[in-house]
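Comments concern the structure below.
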Amino acid sequence: MDYDAMMMDEGESLGPSVKIHHADPTYVSFEINNVDLSTSNSLRRVMQSEIPIIAIDLVEVEENTSVLADEFIAHRLGLIPLNATDVDSLLYTRECECEQYCEHCSVKLTLHARCTSDEVMKVYARDLIPDPGRPNQYVGSPVITDPDGNGPLIAKLRRDQEIKLTCIAKKGIAKEHAKWMATTAVGFEYDPHNKLRHIDLWYENDPKTEWPPSEYASYEDPPQEGEPFDYDAEPSRFYVRVETAGGLPPDSIVQEGVKVLQQKLAGLIHELNEGEGDAGGAGANYNGPQSPEYSGGAGWQDQGYTTPYGNGGNQSSWGGAAGGTTPYGTTPYGNPGQSGWS
(Lines give C-alpha, C1' and ligand atoms only; values in the text may rest on other atoms or scores of the structure.)
Protein backbone atom coordinates (compact mmCIF):
# COMPACT_ATOMS: atom_id res chain seq x y z
CA MET A 1 0.00 0.00 0.00
CA ASP A 2 1.42 3.41 -0.98
CA TYR A 3 1.67 6.37 1.37
CA ASP A 4 -1.38 8.24 0.00
CA ALA A 5 -3.58 5.15 0.26
CA MET A 6 -2.40 4.52 3.81
CA MET A 7 -3.14 8.13 4.81
CA MET A 8 -6.57 7.91 3.21
CA ASP A 9 -7.44 4.76 5.14
CA GLU A 10 -6.33 6.36 8.40
CA GLY A 11 -8.18 9.58 7.59
CA GLU A 12 -11.41 7.79 6.77
CA SER A 13 -11.37 6.14 10.16
CA LEU A 14 -10.82 9.50 11.84
CA GLY A 15 -13.26 11.52 9.73
CA PRO A 16 -12.61 14.89 8.07
CA SER A 17 -9.24 16.51 8.70
CA VAL A 18 -7.55 19.83 7.94
CA LYS A 19 -3.87 20.42 7.22
CA ILE A 20 -2.54 23.99 7.15
CA HIS A 21 0.19 24.74 4.62
CA HIS A 22 0.65 28.47 5.14
CA ALA A 23 -0.77 31.20 7.37
CA ASP A 24 0.07 34.89 7.66
CA PRO A 25 -1.93 38.14 8.12
CA THR A 26 -2.65 38.25 4.37
CA TYR A 27 -3.80 34.75 3.47
CA VAL A 28 -4.09 31.19 4.73
CA SER A 29 -3.66 28.04 2.64
CA PHE A 30 -4.87 24.62 3.80
CA GLU A 31 -6.25 21.32 2.59
CA ILE A 32 -9.41 19.49 3.66
CA ASN A 33 -9.44 15.69 3.57
CA ASN A 34 -12.19 13.08 3.68
CA VAL A 35 -15.09 15.35 2.75
CA ASP A 36 -17.17 15.45 -0.40
CA LEU A 37 -17.19 18.17 -3.04
CA SER A 38 -20.50 19.70 -1.96
CA THR A 39 -19.34 20.19 1.64
CA SER A 40 -16.05 21.84 0.76
CA ASN A 41 -17.68 24.01 -1.89
CA SER A 42 -20.35 25.08 0.61
CA LEU A 43 -17.63 26.33 2.93
CA ARG A 44 -16.04 28.26 0.06
CA ARG A 45 -19.31 29.96 -0.86
CA VAL A 46 -20.10 30.86 2.74
CA MET A 47 -16.67 32.42 3.28
CA GLN A 48 -17.17 34.53 0.17
CA SER A 49 -20.69 35.78 0.77
CA GLU A 50 -21.96 35.33 4.32
CA ILE A 51 -19.24 36.45 6.75
CA PRO A 52 -20.49 39.61 8.54
CA ILE A 53 -18.15 42.60 8.49
CA ILE A 54 -18.58 46.38 8.63
CA ALA A 55 -18.45 48.90 5.78
CA ILE A 56 -19.50 52.49 5.12
CA ASP A 57 -23.12 52.44 3.98
CA LEU A 58 -24.32 56.05 4.32
CA VAL A 59 -22.44 59.28 3.54
CA GLU A 60 -23.81 62.66 4.58
CA VAL A 61 -21.95 65.34 2.61
CA GLU A 62 -21.87 68.78 4.24
CA GLU A 63 -19.26 70.40 1.98
CA ASN A 64 -17.59 69.19 -1.21
CA THR A 65 -15.79 71.65 -3.48
CA SER A 66 -13.41 69.06 -4.95
CA VAL A 67 -13.51 67.97 -8.59
CA LEU A 68 -15.14 64.68 -7.58
CA ALA A 69 -18.91 64.31 -7.37
CA ASP A 70 -20.53 63.37 -4.06
CA GLU A 71 -21.53 59.96 -5.41
CA PHE A 72 -17.99 59.23 -6.59
CA ILE A 73 -16.53 59.98 -3.15
CA ALA A 74 -19.26 57.96 -1.44
CA HIS A 75 -18.44 54.97 -3.67
CA ARG A 76 -14.76 55.21 -2.76
CA LEU A 77 -15.55 55.44 0.93
CA GLY A 78 -17.73 52.33 0.75
CA LEU A 79 -14.81 50.28 -0.59
CA ILE A 80 -12.37 51.27 2.16
CA PRO A 81 -11.82 48.19 4.38
CA LEU A 82 -12.74 48.73 8.02
CA ASN A 83 -11.67 46.73 11.03
CA ALA A 84 -14.37 44.16 11.83
CA THR A 85 -12.97 42.93 15.15
CA ASP A 86 -15.86 41.95 17.46
CA VAL A 87 -18.39 42.98 14.83
CA ASP A 88 -20.93 40.76 16.60
CA SER A 89 -21.27 43.54 19.17
CA LEU A 90 -23.16 45.49 16.49
CA LEU A 91 -26.70 44.71 15.43
CA TYR A 92 -27.86 44.50 11.85
CA THR A 93 -29.86 47.59 10.92
CA ARG A 94 -32.88 45.39 10.18
CA GLU A 95 -32.73 44.05 13.76
CA CYS A 96 -32.31 47.44 15.47
CA GLU A 97 -35.24 49.46 16.75
CA CYS A 98 -33.83 52.82 15.60
CA GLU A 99 -35.27 54.63 12.59
CA GLN A 100 -32.08 54.83 10.53
CA TYR A 101 -28.90 54.30 12.59
CA CYS A 102 -27.65 54.51 16.16
CA GLU A 103 -24.65 53.48 18.26
CA HIS A 104 -26.06 49.95 18.60
CA CYS A 105 -26.06 49.17 14.87
CA SER A 106 -23.49 51.51 13.33
CA VAL A 107 -20.19 53.34 13.72
CA LYS A 108 -19.89 57.00 12.78
CA LEU A 109 -16.76 58.34 11.05
CA THR A 110 -16.08 61.97 10.18
CA LEU A 111 -13.82 63.50 7.54
CA HIS A 112 -12.89 67.17 7.24
CA ALA A 113 -10.03 68.26 4.97
CA ARG A 114 -9.28 71.68 3.47
CA CYS A 115 -6.30 72.62 1.31
CA THR A 116 -4.69 75.92 2.36
CA SER A 117 -1.50 75.79 0.26
CA ASP A 118 -0.59 75.80 -3.41
CA GLU A 119 0.49 72.17 -3.25
CA VAL A 120 -1.95 69.39 -3.98
CA MET A 121 -3.36 67.94 -0.78
CA LYS A 122 -4.04 64.19 -0.69
CA VAL A 123 -6.85 62.89 1.50
CA TYR A 124 -6.35 59.34 2.74
CA ALA A 125 -8.28 56.81 4.78
CA ARG A 126 -6.17 57.80 7.79
CA ASP A 127 -8.11 61.10 7.83
CA LEU A 128 -11.34 59.27 8.72
CA ILE A 129 -11.96 59.77 12.45
CA PRO A 130 -14.14 57.11 14.15
CA ASP A 131 -16.63 58.26 16.76
CA PRO A 132 -15.57 57.34 20.32
CA GLY A 133 -19.02 55.95 21.07
CA ARG A 134 -18.39 52.70 19.19
CA PRO A 135 -18.58 49.30 20.98
CA ASN A 136 -14.77 48.90 21.15
CA GLN A 137 -11.65 50.75 20.09
CA TYR A 138 -11.09 48.61 16.98
CA VAL A 139 -14.34 48.09 15.11
CA GLY A 140 -14.88 50.62 12.33
CA SER A 141 -11.30 51.89 12.15
CA PRO A 142 -9.87 52.11 8.60
CA VAL A 143 -7.50 49.25 7.78
CA ILE A 144 -4.09 50.72 6.99
CA THR A 145 -1.33 48.34 5.92
CA ASP A 146 0.97 50.44 3.70
CA PRO A 147 4.41 51.39 5.05
CA ASP A 148 3.59 55.12 5.07
CA GLY A 149 0.48 54.59 7.22
CA ASN A 150 -1.85 56.45 4.86
CA GLY A 151 -4.34 53.86 3.69
CA PRO A 152 -6.32 54.11 0.44
CA LEU A 153 -6.42 57.46 -1.34
CA ILE A 154 -9.84 59.15 -1.21
CA ALA A 155 -9.38 62.44 -3.08
CA LYS A 156 -6.95 65.22 -4.06
CA LEU A 157 -7.60 68.86 -3.21
CA ARG A 158 -6.21 72.09 -4.61
CA ARG A 159 -6.07 75.42 -2.83
CA ASP A 160 -9.34 76.40 -1.07
CA GLN A 161 -11.02 73.10 -1.96
CA GLU A 162 -12.70 71.35 0.95
CA ILE A 163 -14.38 68.07 1.87
CA LYS A 164 -16.50 67.77 4.99
CA LEU A 165 -18.71 64.72 5.50
CA THR A 166 -20.01 62.14 7.95
CA CYS A 167 -19.92 58.40 7.23
CA ILE A 168 -22.15 55.76 8.78
CA ALA A 169 -20.63 52.27 8.76
CA LYS A 170 -23.01 49.36 9.17
CA LYS A 171 -22.79 45.61 9.55
CA GLY A 172 -23.61 43.43 6.55
CA ILE A 173 -22.68 40.48 4.36
CA ALA A 174 -21.57 40.20 0.74
CA LYS A 175 -24.95 38.75 -0.30
CA GLU A 176 -26.30 42.27 0.20
CA HIS A 177 -23.40 44.19 -1.36
CA ALA A 178 -19.82 43.43 -2.43
CA LYS A 179 -18.42 46.06 -0.04
CA TRP A 180 -19.28 43.66 2.79
CA MET A 181 -17.09 40.90 1.35
CA ALA A 182 -14.54 39.76 3.93
CA THR A 183 -12.29 38.09 1.34
CA THR A 184 -10.57 39.41 -1.76
CA ALA A 185 -10.39 35.90 -3.23
CA VAL A 186 -10.95 32.29 -2.25
CA GLY A 187 -8.87 29.79 -4.22
CA PHE A 188 -10.37 26.31 -4.52
CA GLU A 189 -8.80 23.32 -6.23
CA TYR A 190 -8.80 19.54 -6.18
CA ASP A 191 -7.13 16.79 -8.22
CA PRO A 192 -4.20 18.94 -9.45
CA HIS A 193 -3.02 16.15 -11.80
CA ASN A 194 -6.52 15.76 -13.29
CA LYS A 195 -6.64 12.05 -12.55
CA LEU A 196 -10.43 12.22 -12.38
CA ARG A 197 -10.57 13.95 -15.78
CA HIS A 198 -13.09 16.53 -14.61
CA ILE A 199 -11.51 19.12 -16.90
CA ASP A 200 -10.45 18.91 -20.53
CA LEU A 201 -7.39 21.07 -21.13
CA TRP A 202 -7.32 22.82 -24.49
CA TYR A 203 -3.86 22.84 -26.02
CA GLU A 204 -2.10 23.36 -29.35
CA ASN A 205 0.87 20.99 -29.20
CA ASP A 206 1.69 19.62 -25.73
CA PRO A 207 -0.58 20.02 -22.68
CA LYS A 208 2.29 19.36 -20.24
CA THR A 209 4.24 22.40 -21.41
CA GLU A 210 1.24 24.64 -22.06
CA TRP A 211 -0.46 23.83 -18.75
CA PRO A 212 2.17 23.85 -15.97
CA PRO A 213 1.12 22.08 -12.75
CA SER A 214 -0.25 24.13 -9.87
CA GLU A 215 1.49 24.60 -6.54
CA TYR A 216 -0.60 21.76 -5.07
CA ALA A 217 0.66 19.15 -7.54
CA SER A 218 3.62 18.41 -5.29
CA TYR A 219 1.27 17.23 -2.54
CA GLU A 220 -0.03 14.31 -4.61
CA ASP A 221 1.60 11.60 -6.72
CA PRO A 222 1.30 12.10 -10.48
CA PRO A 223 -0.55 9.46 -12.54
CA GLN A 224 1.53 6.48 -13.64
CA GLU A 225 1.89 5.33 -17.22
CA GLY A 226 -0.81 2.81 -18.06
CA GLU A 227 -2.66 3.43 -14.80
CA PRO A 228 -6.28 2.23 -15.21
CA PHE A 229 -8.99 4.86 -14.89
CA ASP A 230 -11.35 4.50 -11.95
CA TYR A 231 -14.81 5.54 -13.08
CA ASP A 232 -16.16 5.44 -9.52
CA ALA A 233 -13.46 7.65 -7.97
CA GLU A 234 -14.59 10.84 -6.25
CA PRO A 235 -12.51 13.76 -4.97
CA SER A 236 -11.84 13.74 -1.23
CA ARG A 237 -8.91 16.16 -0.89
CA PHE A 238 -9.43 19.88 -1.51
CA TYR A 239 -6.97 22.76 -1.44
CA VAL A 240 -8.26 26.14 -0.26
CA ARG A 241 -6.57 29.53 -0.17
CA VAL A 242 -8.36 32.38 1.63
CA GLU A 243 -7.15 35.97 1.16
CA THR A 244 -8.45 38.70 3.43
CA ALA A 245 -9.59 42.19 2.49
CA GLY A 246 -8.18 43.45 5.78
CA GLY A 247 -11.24 43.62 8.00
CA LEU A 248 -10.71 40.19 9.53
CA PRO A 249 -7.64 37.93 9.76
CA PRO A 250 -7.80 35.04 7.28
CA ASP A 251 -7.98 32.41 10.01
CA SER A 252 -10.96 34.23 11.55
CA ILE A 253 -12.71 34.17 8.17
CA VAL A 254 -12.35 30.38 8.02
CA GLN A 255 -13.62 29.98 11.58
CA GLU A 256 -16.57 32.29 10.92
CA GLY A 257 -17.32 30.35 7.73
CA VAL A 258 -17.57 27.09 9.65
CA LYS A 259 -19.74 28.80 12.26
CA VAL A 260 -22.16 30.24 9.68
CA LEU A 261 -22.36 26.88 7.90
CA GLN A 262 -23.22 25.19 11.21
CA GLN A 263 -25.95 27.75 11.84
CA LYS A 264 -27.47 27.21 8.40
CA LEU A 265 -27.45 23.44 8.80
CA ALA A 266 -28.95 23.70 12.28
CA GLY A 267 -31.71 25.91 10.92
CA LEU A 268 -32.38 23.44 8.12
CA ILE A 269 -32.57 20.50 10.53
CA HIS A 270 -34.96 22.46 12.74
CA GLU A 271 -37.23 23.35 9.81
CA LEU A 272 -37.31 19.76 8.58
CA ASN A 273 -38.31 18.49 12.00
CA GLU A 274 -40.66 21.30 12.96
CA GLY A 275 -43.50 19.91 10.88
CA GLU A 276 -43.65 16.78 13.02
CA GLY A 277 -44.98 18.82 15.94
CA ASP A 278 -43.53 19.47 19.37
CA ALA A 279 -45.57 16.86 21.21
CA GLY A 280 -43.51 13.72 20.75
CA GLY A 281 -42.58 14.53 17.15
CA ALA A 282 -39.21 14.16 15.51
CA GLY A 283 -38.39 17.75 16.39
CA ALA A 284 -38.90 17.15 20.08
CA ASN A 285 -36.72 14.05 20.21
CA TYR A 286 -33.90 15.18 17.93
CA ASN A 287 -30.50 14.69 19.58
CA GLY A 288 -28.23 15.06 16.56
CA PRO A 289 -25.40 17.55 16.01
CA GLN A 290 -26.27 21.21 16.41
CA SER A 291 -24.44 24.48 15.97
CA PRO A 292 -23.06 26.08 19.16
CA GLU A 293 -25.12 29.16 18.26
CA TYR A 294 -28.31 27.14 17.76
CA SER A 295 -30.90 27.31 20.53
CA GLY A 296 -33.06 24.24 20.48
CA GLY A 297 -35.73 25.92 22.59
CA ALA A 298 -36.17 29.19 20.77
CA GLY A 299 -35.38 27.79 17.34
CA TRP A 300 -33.31 29.35 14.63
CA GLN A 301 -34.52 32.91 14.17
CA ASP A 302 -33.69 34.01 10.64
CA GLN A 303 -35.07 37.44 9.88
CA GLY A 304 -33.95 37.39 6.27
CA TYR A 305 -32.45 40.35 4.46
CA THR A 306 -34.07 43.69 3.82
CA THR A 307 -33.92 45.52 0.53
CA PRO A 308 -34.18 49.24 -0.23
CA TYR A 309 -37.86 48.57 -0.91
CA GLY A 310 -38.86 46.85 2.31
CA ASN A 311 -38.49 43.52 4.05
CA GLY A 312 -37.50 40.54 1.96
CA GLY A 313 -38.83 42.04 -1.26
CA ASN A 314 -42.44 41.72 -0.02
CA GLN A 315 -43.03 45.46 -0.12
CA SER A 316 -42.83 47.95 -2.93
CA SER A 317 -40.83 51.15 -2.74
CA TRP A 318 -44.05 52.98 -1.94
CA GLY A 319 -44.96 50.86 1.10
CA GLY A 320 -47.55 48.18 1.57
CA ALA A 321 -47.74 44.96 -0.38
CA ALA A 322 -45.92 44.86 -3.70
CA GLY A 323 -48.13 46.23 -6.43
CA GLY A 324 -50.67 47.54 -3.91
CA THR A 325 -50.39 51.33 -3.95
CA THR A 326 -48.53 54.01 -5.88
CA PRO A 327 -47.16 57.35 -4.68
CA TYR A 328 -49.93 59.06 -6.57
CA GLY A 329 -52.90 57.49 -4.77
CA THR A 330 -55.67 57.02 -7.29
CA THR A 331 -55.13 57.37 -11.04
CA PRO A 332 -57.37 58.98 -13.69
CA TYR A 333 -58.57 55.48 -14.43
CA GLY A 334 -59.60 54.50 -10.93
CA ASN A 335 -57.81 53.01 -7.95
CA PRO A 336 -54.34 51.48 -8.38
CA GLY A 337 -54.53 48.03 -9.82
CA GLN A 338 -57.82 48.77 -11.59
CA SER A 339 -58.39 49.20 -15.28
CA GLY A 340 -59.88 52.38 -16.71
CA TRP A 341 -62.45 50.21 -18.46
CA SER A 342 -63.96 48.57 -15.34
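Excluding ligands, DNA and RNA, the accessible surface per residue across region 141-225 is 62 Å² with a 1.4 Å probe.
A protection proxy built from the mean count of other Cβ atoms within 10 Å ranks the segments 132-138, 120-126, most packed first, as 120-126, 132-138.
Once the 1.4 Å probe is applied to the protein heavy atoms, region 66-140 comes out at 59 Å² accessible per residue. Take 165-178, 32-45 and order them by the average number of nearby Cβ atoms within 10 Å per residue, most first; the result is 165-178, 32-45.
A cut-off of 5 Å between modelled amide H atoms, ignoring neighbours fewer than 5 places along the same chain, links Ile51 with Ala174, Ala182. Thr110 sits among other residues whose Cβ lies under 15 Å from its own Cβ, and their net charge, with Lys and Arg +1 and Asp and Glu -1, is -2.
Both the radius of gyration and Dmax for region 1-157 are 22.3, 76 Å, in that order, over alpha-carbon atoms.
Loop-located GluC sites (Glu not before Pro) in region 54-153 (DSSP state not H, G, I, E or B) with no more than 14 neighbouring Cβ atoms inside 10 Å: Glu97, Glu99, Glu103, Glu119. With the highest mean first, a sort of the peptides 235-242, 154-161 on other beta-carbon atoms found within 10 angstrom per residue produces 235-242, 154-161.
Summing charges over all other residues whose Cβ lies under 15 Å from the Cβ of Asn150, with Lys and Arg as +1 and Asp and Glu as -1, gives +1.
Under 5 Å between amide hydrogens, built in the peptide plane, is the criterion, and for Ile154 it picks out Val123, Tyr124, Ala125 among residues at least 5 positions away or on other chains.
Computing the accessible area with a 1.4 Å probe over protein heavy atoms, can you report the carbon and sulfur percentage for region 46-185? The value for region 46-185 is 46 percent carbon and sulfur by accessible area.
The values are calculated or read from the model by the stated rules, or taken from the named source; none is laboratory data. This structure is a prediction, so every number in the text was calculated from the model and none was measured. Note that each Cβ is placed from the backbone with ideal geometry, even for glycine, and that neighbours are counted across all protein chains shown. When the accessible area is computed, the model is the full protein with side chains, heavy atoms only, and any ligands, DNA or RNA have been set aside. Shrake-Rupley method; radii C 1.70, N 1.55, O 1.52, S 1.80 Å.
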